[in-house]
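Trainee: Below is a structure I'd like to ask you about.
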Amino acid sequence: MVKQQPTSVRHLSFLKHYLRSARCGSTHASNREMLSLVRSIIVAFRSAKVAFFRGAKANDQTRIDRAILTSIFLWLLLCVPTVAQQADGRTYSNRLVKLENPKPLLNDYPEFVQPVIEETRYEAPILVDDSEADLSVRAWRFSYNARGIIEIPNQLRAKETAVVMVHPWGIDDGQGWDTPEPAGVADFCTPNKNHLAARHTREIINPFIKSLRSQVGCVMFSLPGKEDAIRKKIYRSVSSTPTAAERAAGAKELDARLRNFEYRGQPLPAEFTVSESTPVIDYFQQFPGLDAGAKFNNAGFWEQPIPVTRDVDVDPKDIVIYDADGYGPMRDFLKAQGIRHILLTGYATDMCFCRTTAGYENLSKDFNVFLVGDASLATFPANNTPRYATNAHISFAALNQLVTQVSWVKPRLTAVVEK
C-alpha cells in the first residue's frame, strides 16, 4: 500500500507547481524570493505547530494544518497574478544616446514627402525584440519632453506581422469609378491629385507590399462601406474566400455596375444671395470648400462598390475589410492569425489613415503599430504637392506613434541594427 503524504507536504508540492506554472521564479529575483518566502512560511508553520500544538490530537493537528495552509494558498492566489504579470514583461532601459550629424528622416522620396529634419536626435535601446525575429524595423518618434526625435531599433517575427493598406480606392484608374464632372470630389478630391496618389501607390506602396507578402502573416486592405454582393465575389474577407470562378464573375459584375452610373453632378453655382451683415458666413455656407454630396457627385455615387485600385496588386490570399463592419471583426481576425505587429500604409495621412476602421487610432489599442511614413500621403488642398502636408501630419502622429520608412523595413539577415 502506498503511504499517503502528510497534508503539509502535499500542499507545499501543489504551491510549488502553481508558482512554476505561473512562470514565477524563472527569471526574476523577486519571484525567486517569493518562492523562498513560501518555504520559510512552511518551515515556520511546522515549527509553530510543534511548539504550540504538541498536545493536540492528530485529527486536530490535521485540521489546523489544513486551515493554515489554505490561508497561505489564498494569499498566494492574490499575489501570483501580479508576479506572473511581472514575469511576462521586462524592464526597458530608456537610455538615450545623442546622434551626431544624422541624415534626414523620410528622405528617400522627397517628391511625395518632405524630409524630416530636427536639430536633436537620439538613439534608444531596442524596443520590440522578438525571439527568432526575421524582420528588422527601425522606427522613430518625437518627444517634446526629450526635446527631440528618438530612433528605436526593433526586431519582429515576420509571420506575426501584417501589412495593412488603408483606403486604396480605385478612383479614376480605369475600372469605371470616376470623379464626377464638372465639380465632383472623391479621394484626393481632383482627378489630377488622384493620379498623383495613384503613381505613389505604383512606385512605392505596391513594391513594398510585394517585397513582404511572402514573409508576413497577412496583407490586408480596407475599403469604405459594407461587404456587398459584388465585392464579396472579388475579394477574400474575414469571413469568406471566393473561388477563381466567383472572382471572374464578380469582376464582370463590377465593371457593368460602375460603368452604368452617370458620373455627372451640378456645376458650380453661378450666383447666390448673401446678407449685408454676414456675407462671409453666407458665402461659405452656400459655397463650401468641400461638398462631396449628391449635389456635385450625383445621388448614388457613394453607394457604388468601390474597388481596390489597379495600382496595387491584390493576391487571392490578401484580405479586404470594410469600414462599416467596424473594427472588431478586423481586430479579432488579426489576433486569430497570431498577428502582433502592423506595418501601416495607405491614405490619407490626415484622415482615413488615422481615424477609419483600419486607422492607427484603432490598431494602436491592440497591436504594435509602425506607420510607414513614406508609404502614405496626406490630402494637399491649395498645393500642387503632398510633400509638406504629409510631413506635417506624420510628424504630429509621431508624438504617440512609431514611424518607420520603406528602406528601414528589412529582412533581419541583411539588416544592420545600430546599437
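The values are calculated or read from the model by the stated rules, or taken from the named source; none is laboratory data. Here the structure is a predicted model, which means the values were calculated and not measured. Here the Cβ is made from the backbone with ideal geometry for all residues, glycine too, and neighbour counts use every protein chain on show.
Trainee: Residue check, Gln337 against (1) surrounded by fewer than 24 Cβ atoms within 10 Å (Cβ to Cβ); (2) farther than 28 Å from Pro288 by Cα; (3) without any contact (Cβ under 8 Å) to a residue 60 or more places away in the chain, all met but one. Which one?
Mentor: Of everything listed in (1) surrounded by fewer than 24 Cβ atoms within 10 Å (Cβ to Cβ); (2) farther than 28 Å from Pro288 by Cα; (3) without any contact (Cβ under 8 Å) to a residue 60 or more places away in the chain, Gln337 misses just condition (3).
Trainee: Here is a follow-up. Can you find a residue in the range 310-317 that is acidic (Asp, Glu), over 21 Å from Ala158 (Cα atoms) and surrounded by fewer than 21 Cβ atoms within 10 Å (Cβ to Cβ)? Spell out the reasoning first.
Mentor: Within the range 310-317, the first condition is being acidic (Asp, Glu), and the residues that meet it are 311, 313, 315.
Next cut, over 21 Å from Ala158 (Cα atoms) only: 311.
Cutting the leftovers down to surrounded by fewer than 21 Cβ atoms within 10 Å (Cβ to Cβ) gives us 311.
Yes, because at least one residue in the range 310-317 is acidic (Asp, Glu), over 21 Å from Ala158 (Cα atoms) and surrounded by fewer than 21 Cβ atoms within 10 Å (Cβ to Cβ).
Trainee: At least 3 residues that are over 22 Å from Val116 (Cβ atoms) in each: list the helices (runs of 4 or more DSSP H) lying fully within the range 322-419 that qualify. Even if it seems obvious, please write down each step before you answer.
Mentor: Numbers: elements: 327-336, 352-355, 360-363, 387-397.
Per the criteria, 327-336.
Trainee: Quick check on the range 123-134. Is at least one of its residues touching a residue at least 24 places away in the same chain (Cβ under 8 Å), within 25 Å of Pro411 (Cβ to Cβ) and touching a Pro at 6+ places or on another chain (Cβ under 7 Å)?
Mentor: yes
Trainee: Quick check on this structure: which one of Asp332, Asp311, Asp282 is at pLDDT 95 or above, of a type in the set (Asp, Glu), over 16 Å from Arg231 (Cβ atoms) and touching a helix residue (DSSP H, G or I) at 6+ places or on another chain (Cβ under 8 Å)?
Mentor: Asp311
Trainee: Of the conditions (1) more than 20 Å from Glu262 (Cα to Cα); (2) polar (S, T, N, Q); (3) assigned to a helix (DSSP H, G or I), Asn194 fails just one. Which one is it?
Mentor: Here Asn194 meets the rest and fails (1).
Trainee: For the structure I just gave you, tell me whether Thr179 is part of a loop (DSSP other than H, G, I, E, B), among the hydroxyl-bearing types (Ser, Thr, Tyr) and touching a residue at least 60 places away in the same chain (Cβ under 8 Å). Walk me through how you get there before you give the answer.
Mentor: Numbers: part of a loop (DSSP other than H, G, I, E, B): yes; among the hydroxyl-bearing types (Ser, Thr, Tyr): yes; touching a residue at least 60 places away in the same chain (Cβ under 8 Å): yes.
Taking the combined requirement at face value, the residue satisfies it.
Trainee: Considering the range 172-222 alone, what residues qualify as being out of contact with any Gly (no Cβ under 7 Å at 6 or more places or on another chain), more than 23 Å from Gly359 (Cβ to Cβ) and among the small types (Gly, Ala, Ser)?
Mentor: Once the filter is applied, which keeps residues that are out of contact with any Gly (no Cβ under 7 Å at 6 or more places or on another chain), more than 23 Å from Gly359 (Cβ to Cβ) and among the small types (Gly, Ala, Ser), the range 172-222 yields Gly174, Gly176, Ser211, Ser214.
Trainee: I would also like to ask the following. Could you please find all residues in the range 104-126 being aliphatic (A, V, I, L, M) and farther than 20 Å from Val406 by Cβ? Lay out the reasoning, then the answer.
Mentor: We begin by selecting, within the range 104-126, every residue aliphatic (A, V, I, L, M); these are 105-106, 113, 116-117, 124, 126.
Matches in the range 104-126: Ala124, Ile126.
Trainee: Considering only residues that are surrounded by 14 or more Cβ atoms within 10 Å (Cβ to Cβ) and polar (S, T, N, Q), which ones fall in the range 87-117?
Mentor: If the condition is that a residue be surrounded by 14 or more Cβ atoms within 10 Å (Cβ to Cβ) and polar (S, T, N, Q), then Asn107, Gln114 are the ones that fit.
Trainee: For the range 123-170, which residues satisfy the criterion of being among the polar types (S, T, N, Q) and either closer than 16 Å to Arg95 by Cβ or not in a strand (DSSP E or B) (or both)? First the steps, then the outcome.
Mentor: First pass over the range 123-170, keeping only residues among the polar types (S, T, N, Q): 131, 136, 143, 145, 154-155, 161.
Selection gives Ser131, Ser143, Asn145, Asn154.
Trainee: Go through the range 219-236 and report how many residues are in contact (Cβ under 8 Å) with a residue 60 or more places away in the chain, out of contact with any Lys or Arg (no Cβ under 8 Å at 6 or more places or on another chain) and not in a strand (DSSP E or B). Please lay out each step first, then the result.
Mentor: Of the residues in the range 219-236, the ones in contact (Cβ under 8 Å) with a residue 60 or more places away in the chain are 219-228, 230-231, 234-236.
Among the residues that remain, those that are also out of contact with any Lys or Arg (no Cβ under 8 Å at 6 or more places or on another chain) are: 220-222, 224-228, 231, 235.
When the remaining residues are screened for being not in a strand (DSSP E or B), the result is 224-228, 231, 235.
Of the residues in the range 219-236, 7 are in contact (Cβ under 8 Å) with a residue 60 or more places away in the chain, out of contact with any Lys or Arg (no Cβ under 8 Å at 6 or more places or on another chain) and not in a strand (DSSP E or B).
Trainee: Still on this structure, I have one more. When you go through Thr349, Thr379 one by one, which is the residue that is at pLDDT 95 or above and in contact with a helix residue (DSSP H, G or I) (Cβ under 6 Å, 6 or more places away or on another chain)? Before you say what the answer is, go through the steps one by one.
Mentor: Details: Thr379 fails: in contact with a helix residue (DSSP H, G or I) (Cβ under 6 Å, 6 or more places away or on another chain).
The match here is Thr349.
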